[in-house]
Amino acid sequence: MTVWEEVVGQQAAVAELSEAAVNPAAMTHAWLFTGPPGSGRSVAARAFAAALQCPFHGCGECRSCHTVMSGTHADVREVVPEGLSIGVKSMRLLVQSAALRPATGRYQVLIIQDADRLGERAENALLKFIEEPPEQTIFLLCAPSDHPEDVSVTIRSRCRPVPLRTPSLPAIADVLIRRDGIDPESARWAASVAGGHVGRARRLARDPDARAHREKVLSLPLQIRGIGDAFAYAGDLVRGAKAEATELSVTRDAAEREQLAVAMGAGGVGKGVAAAARGAKAAEKDLEKQQKSRNTRTQRDAIDRALVDLAGFLRDTLVVGTGAQVPLTNPDRETDIRRAATDWPAESVLRRLEAVLTCRTALDQNVKPEIAVEAMMTAMQRG
């Protein structure tokens, strides 16, 4: 199995990247992977990095392929933003380390996931290196689109674009069956309701809690009957997101604090202990800030998954109400969707959908989640 088999439903992109890995004339120093959520931007970038380091251009069997795909290759670094943005300090350190000569591979490769989260100063730090790249350094950026609001014009103009598309349902089901060992019936169901998102399909197929949460969210549109319901369900949604974020963070935060304490010489005695303690306090504050930002990001991602489900339900309601001959995003909820299409005029459905999209925008602009979700729920209740 080659590394390209990890990239689901992207034949055109795989052909282009395979050619570049083999043919130096088709190679360039900076690439921009774009595509909708779930299209596999970071997976494609990682597979390309493996093909660049592999002596057989992505065989999937050698040590280079295994270490790149597992994230342990010495010459491949990944930036995975855990907070709301990528800061200038971390970006400067990363691009400087990526400018070094390769230790074991053919290239130094820097993969930046969610490059749309680069702050302005971080973008400028990256741009300096992209404009004058070291000879053996490759930059692989991933973003939802190449729109100026996602990636600045100056950066995208210096990158070769690799557009990805939403994978087909059969392609998603096939990878769940073949690679993840999921039974065919569950795989086909998960692929049909995941909106073309491979990771979400895998989570729904494997995780009963994810399936239960989806059911709860998709039942909301028909349950909001009064203003009290709107506020109650808004509170439930936000509390659920906070609980999920806390559950994911507790163990990791504690481990990070323990590692920092050991690194800063906690419990030490002798000369220099006082100075080390002052340095430890500053490091602890930085860590707390990073952990708080990561927790906020996790909360908002959890809310956003619910908003995407709601938008899909309302989209399906419009499809049924207008008689459009296109597949439903949530075929397993067809009974509720038809009921909503019967009860609500198209104008009312559009207002509800607009409320969901406005809530997503508000969260992106750092509006307090409780306020954004309550505004959405009251708008949905009014119709």
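Residues that are closer than 17 Å to HIS29 by Cβ, assigned to a helix (DSSP H, G or I) and not hydrophobic (A, V, I, L, M, F, W, C) within the stretch 124-148 comprise LYS128, GLU131, listed in sequence order. Just checking, how many residues over the stretch 326-337 are exposed (fewer than 15 other Cβ atoms within 10 Å of the Cβ) and either in a helix (DSSP H, G or I) or of a type in the set (A, V, I, L, M, F, W, C) (or both)? So the count comes out to 5.
From the set of residues in the stretch 69-95 that are among the aliphatic types (A, V, I, L, M) and touching a residue at least 60 places away in the same chain (Cβ under 8 Å), which is farthest from THR298 (Cα to Cα)?
MET69
Please determine whether any residue of the stretch 221-228 is surrounded by 12 or more Cβ atoms within 10 Å (Cβ to Cβ) and over 20 Å from ARG338 (Cβ atoms). Taking every residue of the stretch 221-228 in turn, at least one turns out to be surrounded by 12 or more Cβ atoms within 10 Å (Cβ to Cβ) and over 20 Å from ARG338 (Cβ atoms). Meeting the requirement of 2 or more residues that are modelled with pLDDT of 90 or more, the helices (runs of 4 or more DSSP H) wholly within the stretch 1-111 are 11-22, 41-53, 63-70. Restricting the stretch 338-383 to residues that are surrounded by 14 or more Cβ atoms within 10 Å (Cβ to Cβ) and part of a loop (DSSP other than H, G, I, E, B), the residue that is modelled with the highest pLDDT is TRP344. Can you find a residue that is in a helix (DSSP H, G or I), modelled with pLDDT of 90 or more and in contact with a Gly (Cβ under 8 Å, 6 or more places away or on another chain) anywhere in the stretch 312-325? Yes: the stretch 312-325 contains one or more residues that are in a helix (DSSP H, G or I), modelled with pLDDT of 90 or more and in contact with a Gly (Cβ under 8 Å, 6 or more places away or on another chain).
For the stretch 72-112, what are the residues that are surrounded by fewer than 19 Cβ atoms within 10 Å (Cβ to Cβ), over 17 Å from GLU123 (Cα atoms) and among the hydrophobic types (A, V, I, L, M, F, W, C)? Residues satisfying the conditions are ALA74, LEU100, ALA103. Would you pick out the residues in the stretch 282-317 that are within 22 Å of the chain's Cα centre (by Cα) and of a type in the set (D, E, K, R)? Answer for the stretch 282-317, where residues must be within 22 Å of the chain's Cα centre (by Cα) and of a type in the set (D, E, K, R): LYS289, LYS292, ARG294, ARG297, ARG300, ASP301, ASP304, ARG305, ASP309. Residue-level analysis places GLN290 outside the set of residues that are in contact (Cβ under 8 Å) with a residue 24 or more places away in the chain, surrounded by 17 or more Cβ atoms within 10 Å (Cβ to Cβ) and either touching a Gly at 6+ places or on another chain (Cβ under 6 Å) or part of a helix (DSSP H, G or I) (or both). Here ARG188 qualifies as modelled with pLDDT of 90 or more, surrounded by 18 or more Cβ atoms within 10 Å (Cβ to Cβ), over 22 Å from the mean Cα position of the chain (by Cα) and charged (D, E, K, R).
The values are calculated or read from the model by the stated rules, or taken from the named source; none is laboratory data. Just so you know, these numbers come straight off a predicted model, no measurement behind them. Virtual Cβ from ideal backbone geometry, glycine too; neighbours counted across all protein chains shown.
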